[in-house]
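Heads up: the structure comes next, in structure tokens.
What follows draws every value from the coordinates through simple rules; no lab data is involved. Note that the structure is a prediction, hence the values are computed from the model and not measured. Cβ atoms come from the backbone with ideal geometry, glycine included; neighbour counts cover every protein chain shown.
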Amino acid sequence: MQKMMEKRALELLADGTVSRVLGWSAGEFPYDMTPAVFETAEELQDGFVYNDFCGANLSKYLIKESRKEGKILVFLKPCDTYSFNQLLAEHRIIRDNIYVIGIECYGKADVEKLKAMGLEGITGIYMKDGEYTVETVYGSQTVKAYEAMAERCLACKSKKHVVYDELIGEDGEVVTDCNRFDMVEQLEAMTPEQRFAFWRGELSRCIRCNACRNVCPACSCEQCVFDNPNSGVAQKAAVNSFEENMFHIIRAFHVAGRCTDCGECSRVCPQNIPLHLLNRKFIKDMNAFYGEYQAGEDPDKKPPLGTYTLGDREA
Amino acid sequence: MQVTEYKPKIVAFCCNWCSYAGADGAGSARLSYPEEVKIIRVPCSCRVNPMFILRAFQRGADGVIIAGCHPGDCHYTSGNYFTRRRMALLFSMLDYLGIERERTRVEWISAAEGAKFSKTMTEFCATVAALGENKRLEDLRCKK
Amino acid sequence: MKKLSLAKLNDLFAAIAQREALYLPVDNGTGKAEYTKWQEGTVYSTALNTGRSAKDFFFPQTENLMEFKMEGKRIDVIDTREECEDFVIFGVRACDAASFDILDRVYLTDPVDTYYKNRRQHGTVVTMACGRPAETCFCGTFGIDAADPKGDVTCWTVEDGYVLRANTEKGEALLAAVDGLLTDTDDKAVQAAQEKTRAILAKLPLAALSTEGVGQGLTKELFDRPEWASLSEACLGCGTCTFVCPTCQCYDIRDFDTGHGIQRFRCWDSCMYSDFTKMAHGNPRVSQLERFRQRFMHKLVYFPDNNDGLFGCVGCGRCLARCPISMNIVKVMKTLAKGGNK
């Protein structure tokens, strides 16, 4: 896959279709790839990497990158294409300056899962026949790929690319039985006391690093209300339980109807807070109250909070 | 020791055109409503940002009610339809976080419905009083 | 040196907790360990490092400094400081223990931060030598020995128990108080454990990382390096690296209007944020490149400049594991070292 992507990127660079390539660059370890822009063939050949640990959603970088001179090539996984479409609908990215290559995806791996299995001192990870051979300074171990798959990928909602200029690999289908609302339903079935205890346990770990907000493709405000000293709610720390709740409720609400459920918020949370469960609650409610809606699927469709019907249910 | 009866603090966001006038109507008709209700006048119920509601709780409210024109009667044509969607979602989210659903409410009260205003506020106060103090969405710093 | 048998670890915790509050790493249910107050039944986690660093004990994320009450034209300033009780932190790793030296340089030099000093005086640090360092570890780069950590008491896990060594008066006092559980021992077992750890340390992927190309007096050489652009390109501007960092020490002071007074508190700040060091005229660092550069220049150049060459990083590896886009100080150091010294 990496070879095909690199080859195509080199071709498009060479024939002048694009002037830059947005992808991933190699890290110190087999799993810590950083999103990067490559401008020359040498840079690509030197540093371009694509593997199961390239989980980052690159679409948000296009807000900045598509405003620069020249066309940029971007590699998008199926879930990333939803974010791309949503940004497009919100006029945040300039389509003409972007060349999208959709890449097939069978789920990304989460190194945290490997580490949770006690694999410390990882020096190499090799994929073969649905298995990872993980080499560490303490010996090597083989792990089934699905055991290391990121949580969000286990409940993948779609393997279909909703936008692309060309594809590498196969295009998939929307996954109808992804069961992504299972945990939301479990929580709904609890008593309010249990739910309250659950969320206090989770949100009390928040360190207000803003990683969830800053990585979120839907969080594209020029200045967040929580960063604006004139708003009266600017916070730099989760001082108490109220502010923890406030930040996460307001953030989830602000992206309601625009969140594509890409799962980046939970992926980046350094405190492992399942933030996607807040967004999924809104998605589930909107589906139930106002009809099925998938943000990013169809940029021409009205978002649930941007429209109404006379017969809507009462609050 | 004197035991004082617990009185909840209620914040009522009232739309300028209907519900605020409804409160006036209640007064003109010499109908009473609980003194615990503090009215904040807003141009339209859809002016109420979810943040306003959370901030009211932070500052010591035990219940928050939003009152606007009846659907179809919005003086800006469609504001209250948006309110209805937003609040349906927000209240459901508060419930999901385990925060008592009964502390928040939306009610449509027209300028002519002084009696409904009085009745709604009395009822809402009783509901919130039964729940007791807001503990789950409180900010201890703001308590005396 | 003193020896504690394997079975008596819990007794040691109980004995310490009887005297003062005891905090130690405990699995928090998300696969990570966090410092938690010990009580009967608490299980000590041998995880390499806690999710949050140990600096929280001396420099908490938020703390109230004072309160103001206004009445007419009168303003009362109220000292809200609470009496700090003695406490013990058990299981601190070498890197975190070294971070206290860095924080001390900032907060215990004139003008002394009395809030910090107070907690520092009341805290006793028991370190645990590392047995299973991870790939993200690079404390050795900064001259820290994971097999021989500092702290008031150093503890080693050996085959049939634990060996403890007091390094300070505070440490002596702690060990003296629990002397009934301990027996005398020599340092043979410790040396064996150290050898084992050092052999692993040498095999780690970052074992060869050096501070060459960064350090004291290199502001001019490094400040305008073109590599900052590509290094900072993907940075999200979140504060994860700063907040998990044991040595990041910047804070902001804010006032909160409680409705019946003003609470003045300080909280961690991050140089990665757009409003960091914001002044009346605006922000001196307008782009993420400048903010990003500030963080690494501070740790790798400015801090050593002001502190006899001491680096502002202890190589705990938290930022390596936690950065959402996997950009970190190791990548910065390697990149700067590559094209440097021109």
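Helical content of chain A, expressed as a calculated mean residue ellipticity at 222 nm, amounts to -9500 deg cm²/dmol (DSSP H runs of 4 or more residues, -39,500 (n - 2.57) each, divided by residue number, nearest 500).
Using a cutoff of 8 angstrom between alpha carbon atoms and counting only pairs six or more residues apart, the relative contact order for the stretch C:219-338 works out to 29 percent. All distinct Cα pairs of the stretch C:219-338 go into the 1/r average, and the inverse of that average, the Kirkwood radius, is 15.5 Å.
Would you work out the relative contact order for chain C, in percent, from Cα pairs under 8 angstrom that are 6 or more residues apart?
20
Legend: Rg and Dmax of chain A, from Cα coordinates, 20.4, 65 Å. With K and R counted +1 and D and E -1, the other residues having a Cβ less than 15 Å from that of residue C:257 yield a net charge of +4. How much of the calculated P(r) for the stretch C:21-97 lies past 15 Å, in percent of all Cα pairs? For the stretch C:21-97, the share of Cα pairs beyond 15 Å comes to 65 percent. In a reduced charge model with +1 at each Lys and Arg Cβ and -1 at each Asp and Glu Cβ, chain B shows a dipole moment near 420 debye about its Cα centre. The modelled label-to-label distance for the pair residue B:130/residue C:280, using points 7 Å beyond Cα in the direction of Cβ, is 5.7 nm.
Calculate the translational D of the stretch C:24-162 in whole µm² s⁻¹ from Stokes-Einstein, where the hydrodynamic radius comes from the Kirkwood formula applied to all Cα pairs, the temperature is 4 °C and the viscosity 1.567 mPa s.
Details: Rh = 17.0 Å.
It diffuses with D of about 76 µm²/s by this estimate.
Between the stretch B:109-138 and the stretch C:270-342, the C-alpha centres lie 53 angstrom from each other. Phi-derived couplings, Karplus 6.51 cos²θ - 1.76 cosθ + 1.60 at θ = phi - 60°, listed residue by residue for the stretch A:226-238: 7, 9, 9, x, 7, 7, x, 10, 4, 9, 10, 8, 7 Hz, with x used for Gly and Pro. Each of the peptides C:86-94, A:57-65 was scored by the mean count of other Cβ atoms within 10 Å over its residues; in descending order, highest first, they stand as C:86-94, A:57-65. Along each principal axis, taking the top coordinate minus the bottom one, the Cα set of chain C gives 64, 64, 38 Å in descending order. Shielding by partners for peptide C:229-239, expressed as the average number of C-beta atoms from other protein chains within 10 Å of each residue's C-beta, is 6. Contact order for the stretch A:90-167, expressed relative to its length and based on alpha carbon pairs under 8 Å spaced 6+ residues apart, stands at 39 percent. Using only side-chain charges placed at the Cβ, +1 for Lys and Arg and -1 for Asp and Glu, the dipole size of chain A relative to its Cα centre rounds to 780 debye.
For chain C, the 222 nm mean residue ellipticity estimated from helices alone, with every DSSP H stretch of n ≥ 4 adding -39500 (n - 2.57) and the total spread over all residues, rounds to -8500 deg cm²/dmol.
Rounded to the nearest 0.05, what FRET efficiency is calculated for residue A:301 and residue A:138 with R0 set to 51 Å and r the Cβ-Cβ distance?
Taking R0 as 51 Å, the efficiency between residue A:301 and residue A:138 is 0.45.
For the pair residue A:170 and residue A:3 in one chain, pulling the backbone fully straight at 0.36 nm per residue adds 58.5 nm over the alpha carbon distance. Ordered by the number of other Cβ atoms lying within 10 Å of each residue's own Cβ, fewest first, C:222, C:48 fall into the sequence C:222, C:48.
You can think of it this way: the chain between residue C:289 and residue C:78 has 71.9 nm of extra reach, that is 0.36 nm per residue less the Cα-Cα gap.
For the protein assembly as shown, the dipole from Cβ point charges (+1 on Lys and Arg, -1 on Asp and Glu) about the Cα centre works out to 1520 debye, to the nearest 20.
Evaluated over the Cα positions of the stretch C:102-220, the convex hull gives a direction-averaged projected area, one quarter of its surface, of 10.3 nm².
Ordered by the count of other Cβ atoms within 10 Å of each Cβ, fewest first, A:198, C:58, B:117 give A:198, C:58, B:117. With coordinates expressed along the principal axes, the C-alpha atoms belonging to the stretch A:162-262 extend over 48, 39, 20 Å, beginning with the largest. Packing-based ranking of C:173-181, A:235-243, A:256-264 yields A:256-264, A:235-243, C:173-181, ordered from highest to lowest mean Cβ neighbour count within 10 Å.
Over 43 Å apart: what share of the alpha carbon pairs of the protein assembly as shown falls there, rounded to a whole percent? Summing the P(r) of the protein assembly as shown above 43 Å gives 35 percent of all pairs. The Rg/Rh ratio of the stretch A:212-315, with Rg taken over Cα atoms and Rh as the Kirkwood radius over Cα pairs, comes to 0.99. Across peptide C:251-261, the average count of Cβ atoms from other chains found within 10 Å of a residue's Cβ is 4.
For chain B, the fraction of C-alpha pairs more than 28 angstrom apart is 16%.
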